[in-house]
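What follows is a single structure, written as structure tokens, with notes after it.
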Amino acid sequence: MAALNDLVSTPVIQAPMAGGASCPALAAAVSEAGGLGFLAAGYKTPEAVRDEARRTRELTARPFGVNLFMPQPDTADPAAVEVYRGQLAGEAVRYETALGATDGGTDDAFDAKVALLTAEPVPVVSFTFGCPTREVVDAFRRVGTYTVVTVTSPAEALAARDAGADAVCAQGVEAGGHQGTHRDDPELDGAGSGLLALVTEVREAAGLPVVAAGGIMRGAQIAAVLAAGACAAQLGTAFLVCPESGANALHKRAMTDPRFTRTELTRAFSGRPARGLVNRFMREHGRYAPAAYPRVHYLTAGLRKAAAAAGDPQAMALWAGQGHRLARDLPAARLVAELDAELAAVRAGLTHAPTGVARP
């Protein structure tokens, strides 16, 4: 089986961003530019995942990946979820929409998606919110698929190694969107490691190839994680603002909107820690949100859609990494090229970007 670096000409991976940002147009553009584009299977039906993978194959002959959410234990306290429902009653009135039902299941149709992706294989499959069994990893290996497990600690990296994964994606606390911890423990909220320390710890603990993810927006940062032992860098927020991204236009503009100056980890929108731009909804409701993923995700889904339809980013889940203010509104291929040029400049020992590299 080919190593991950054999699939790309530059060590740039577009993060799988569930919720709409990751789409065939974005994944194909990144892959065509020499990086590795990713589709996000989370929250989608198996049929939708199949259609997106087929569409991506129509757009590019180059390798791409698909990310799967691992099934979650249903440990939520129903009473706590109902208390939070009451907390959000005013939001339902404000946006003239009903709060969602919370019985949408916790497995994200994982088995059906595995069956799909072993019947119609893609070059890379990654996993978030846990570690697959060795049987699942072996099923992908038999069809030639390279497997990557998202980890946030050395212990999780060891679990991925023992399951037979080909590589791990070390996600630092700087990362936008959901923290990919294997166990959702409220006592550990905000206790994740910074990316550079995590890459080294994970590499030394598990001995697997490491993809680094978390707040990376420039080629110099890619150089830093490669020097720390990573084989590639995964960027989400940097690609979210690209024209090919399926993210809502309000979400894209918010990345550099001066009204949104910082990010925080919150359970407000989904019941699981996720980093986003601090807005009114996070400030008013974050402290009350229970550890109840994905029930809270289903509860707030309609609110988030209604806020977007109303043009109000203050109640949207504006997922963003800590480097969001460095976002550049560039086509995905141009962004890959500029990241590659910045990385090459660092490797050449230059102290500034070469002529022609866009600055924020």
Taking the beta-carbon count within 10 Å as an exposure proxy, list T106, T263, T75, T45 from fewest neighbours to most. T75, T45, T106, T263
Expressed as a whole number of Å, what is the distance separating the alpha-carbon centroids of segment 118-189 and segment 35-112? 17 Å
By its C-alpha gyration tensor, with a ≥ b ≥ c as the square roots of the eigenvalues, how is segment 25-93 shaped: rounded for a/c under 1.5, else prolate for a/b larger than b/c, else oblate? prolate
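So what is the calculated 222 nm ellipticity per residue for the chain, using -39500 (n - 2.57) for each DSSP H run with n of 4 or more, over all residues, to the nearest 500 deg cm²/dmol?
-11000 deg cm²/dmol
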Proximal lysines to K305, defined as alpha-carbon separation beneath 17 angstrom and excluding residues fewer than eight positions away on the same chain: K44, K252
Integer Hz, Karplus 6.51/-1.76/1.60 couplings in order for segment 40-45, x for Gly and Pro: 10, 7, x, 6, 9, 6
So who's got an amide H within less than 5 Å of the one on G194, skipping anything under 5 residues away but keeping other chains? H placed 1.01 Å off N, in plane. V173
Rounded to whole Hz and in sequence order, give me ³J(HN,Hα) for segment 313-320 from the Karplus expression 6.51 cos²θ - 1.76 cosθ + 1.60, θ = phi - 60°, writing x for Gly and Pro. x, 6, 10, 9, 7, 8, 4, 7
How would you rank T181, T150, going from fewest to most other Cβ atoms within 10 Å of each one's own Cβ? T181, T150
Convert each backbone phi in segment 267-280 into a coupling constant with the Karplus relation 6.51 cos²θ - 1.76 cosθ + 1.60 (shift: θ = phi - 60°), then list the ³J(HN,Hα) values in order as whole Hz, x for Gly and Pro. 9, 4, 9, 10, x, 10, x, 8, 8, x, 5, 6, 10, 4
Give me, ordered by chain and number, the residues 5 or more places off E244 or on other chains with an amide H under 5 Å from its own placed amide H. A332
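None of the figures in this text is laboratory data; all of them are computed from the coordinates on show. All values derive from a computational prediction rather than experimental measurement. Every residue, glycine among them, receives a Cβ derived from its backbone with ideal geometry; neighbour counts consider all protein chains shown.
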